[in-house]
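To start, the structure itself, in structure tokens.
The values are calculated or read from the model by the stated rules, or taken from the named source; none is laboratory data. Note that this is a predicted model, so its numbers are computed, not measured. Please note: Cβ atoms are built from the backbone with ideal geometry, for glycine as well, and neighbour counts cover all protein chains shown. With ligands, DNA and RNA removed, areas are computed over all heavy atoms of the protein, side chains included. Shrake-Rupley method; radii C 1.70, N 1.55, O 1.52, S 1.80 Å.
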Amino acid sequence: MSLKIYIAGQYYDKEHAKVSVYDHGLLYGDGVFEGMRSYSGKVFRLDEHLDRLWDSAKAIWLEIPTTKAELAQAVNDTLKLNGIVDGYIRLLVTRGAGTLGLDPNRTSDPQIIIITDHIALYPPEFYEQGLEIVTASTIRNHPAALSPRIKSLNYLNNILAKIEGLKAGCVEALMLNQKGEIAECTGDNIFLVKRGEVLTPPIDAGILEGITRNAVIELARGTGRTVHEIPLTRHDVYVSDECFLTGSAAEVIPVVKVDNRVIGTGQPGAITRDLIQRFHALTRE
Ligand code: PMP
């Protein structure tokens, strides 16, 4: 059976799920989105994802033509219709079809799209052995130009850094901000562990406030660990005892090499492994 895609209140077979070529989501990357996970049929932190979607939309002057409650229902209905229990959900709101010019006032009908699919996870050995990443030369968007807090349909900044990573043989790449500090990876937040303390860049380093990041901070603090949200440099990464990334798709994944430098022992660290276990328990509870 073909997957059913929700577009503006209707379900379409995957092959027939289409939007206008005049949609500013396509023409300009003008729109917002969320990437979410469902575990045992329940969407992980759906309310937080919807809050972030609404904040992203507000930041770009886009009015989402529904309520959070209705959209939550639509997400759950789409999952159920497709029989997806443990899966990935991509929720988009485009600016809608307009003219060929930039003017969003000349668009109409923002399209709400819900794609539910089976999750393509990183291979298990990445979790067991840890990832190798490199720093991209492409810096993260300057917050005064396009805030990384907005999860917009325009992901070229991240894609350019991702290409740099892939060309270096890495599936993720580290992005710095305009000050040369650590920001985040192309689709994941970054954490370090140093002398038992957990460190991660603050939101004002110019990053997306990850839902998984927030869950991991809560988990670490819940076990009595100190978590500092502080500006970090590549030096801090290179001398850290442990490093890991967080994201809805990747969950919590260890990093053992950055820019060819071995992190800690070169193996996923004990605190990272503990947080992976706790995150599994949290999502599968
Ligand atoms: N940073 C960026 C740039 C991302 O695209 C993502 C994935 N949405 C994340 C961080 C992680 O956020 P979350 O934990 O909410 O998936």
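Taken over the stretch 140-225, the ratio of Cα radius of gyration to 2.2 N^0.38 Å equals 1.14.
Could you work out the helix-only [θ] at 222 nm for the chain, with each DSSP H run of four or more residues adding -39,500 (n - 2.57) and the total divided by the number of residues, to the nearest 500 deg cm²/dmol? One gets -8500 deg cm²/dmol as the mean residue ellipticity at 222 nm. The residues of the stretch 124-283 expose, per residue, 42 Å² of accessible area to a 1.4 Å probe. Out of the stretch 1-105, which chymotrypsin sites (Phe, Trp or Tyr not before Pro) are coil in DSSP terms and have no more than 12 other C-beta atoms within 10 Å? Listed in order of number, the matching sites are Trp61. Rank Ile113, Phe126, Thr99 by how far each Cα sits towards the positive end of the charge dipole of the stretch 92-173 (+1 on Lys, Arg Cβ; -1 on Asp, Glu Cβ) and give me just the farthest. Checked the options; the winner is Thr99. Centroid-to-centroid, using Cα positions, the stretch 225-285 and the stretch 70-105 are 31 Å apart. Computed as a quarter of the hull surface, the mean projected area of the alpha carbon convex hull for the stretch 11-112 stands at 6.4 nm².
A straight Cα-to-Cα reach below 20 Å connects Lys194 with the lysines Lys257, residues fewer than 8 places away in its own chain not being considered. Charged side chains reduced to their Cβ positions (Lys and Arg at +1, Asp and Glu at -1) give the stretch 4-117 a dipole of some 160 debye around its Cα centre.
For Asn154, the residues whose amide H sits under 5 Å from its own are Gly31, ignoring neighbours fewer than 5 places away on the same chain, with H placed 1.01 Å from N. Surface composition of the stretch 124-283: carbon and sulfur make up 51 percent of the accessible area, probe 1.4 Å. So if we plug the beta-carbon distance of Leu166 and Arg90 into 1/(1 + (r/R0)^6) with R0 = 22 Å, what FRET efficiency do we get, rounded to 0.05? My answer for the efficiency is 0.55. From largest to smallest, the equivalent ellipsoid semi-axes obtained for the stretch 145-285 from the alpha-carbon gyration tensor read 22, 18, 15 Å. Beyond a 23 Å Cα-Cα separation, which of these cross-linked pairs lie in this structure: Lys42/Lys68; Lys14/Lys68; Lys14/Lys162; Lys14/Lys167? As for pairs spanning more than 23 Å Cα to Cα, those are Lys14/Lys68; Lys14/Lys162; Lys14/Lys167. For the stretch 136-285, the share of DSSP beta bridges that are antiparallel, to the nearest 5, is 85%. Couplings for the stretch 170-187, taken from phi via the Karplus curve 6.51 cos²θ - 1.76 cosθ + 1.60 with θ = phi - 60°, read 10, 7, 10, 9, 8, 10, 9, 8, 5, 8, x, 7, 5, 9, 6, 8, 5, x Hz in order; Gly and Pro are left as x.
Across the stretch 4-15, rounded Karplus estimates of 3J(HN,Hα) from the backbone phi angles (6.51 cos²θ - 1.76 cosθ + 1.60, θ = phi - 60°) give 9, 10, 8, 9, 6, x, 10, 9, 10, 4, 3, 5 Hz, Gly and Pro being marked x. On a 0 to 90° scale, report how tilted helix 270-283 is relative to the longest principal axis of the chain, with both axes built from alpha carbons and the result rounded to the nearest 10. That works out to roughly 30 degrees.
Each Lys and Arg contributes +1 and each Asp and Glu -1, all at the Cβ; summed about the Cα centre of the stretch 183-241, the dipole is approximately 200 debye. Using modelled amide H (1.01 Å from N, peptide plane; none on Pro or chain starts), what sits under 5 Å from the amide H of Glu184, excluding residues fewer than 5 places away? Amide H to amide H, under 5 Å and 5 or more residues apart or across chains, Glu184 pairs with Met175. Each residue of the stretch 197-210 was assigned a 3J(HN,Hα) from its phi angle through the Karplus expression (A = 6.51, B = -1.76, C = 1.60, θ = phi - 60°), giving 9, 9, 10, 8, x, x, 4, 7, 6, x, 9, 7, 7, x Hz with x at Gly and Pro.
This model, with +1 at the C-beta of Lys and Arg and -1 at the C-beta of Asp and Glu, gives the chain a dipole about its Cα centre of some 80 debye. Structural size metrics of the chain, computed from C-alpha coordinates, are Rg and Dmax of 19.2, 57 Å. For the stretch 11-59, the set of trypsin sites (Lys or Arg not before Pro) satisfying both a DSSP loop assignment and a count of at most 13 other C-beta atoms within 10 Å is given as Lys18.
Across the stretch 213-285, Cα-Cα pairs farther apart than 21 Å form 26% of the total.
Averaging the sequence gap over all C-alpha pairs within less than 8 Å and six or more residues apart, then dividing by the number of residues, gives the chain a relative contact order of 17 percent. For the stretch 114-189, the set of chymotrypsin sites (Phe, Trp or Tyr not before Pro) satisfying both a DSSP loop assignment and a count of at most 12 other C-beta atoms within 10 Å is empty.
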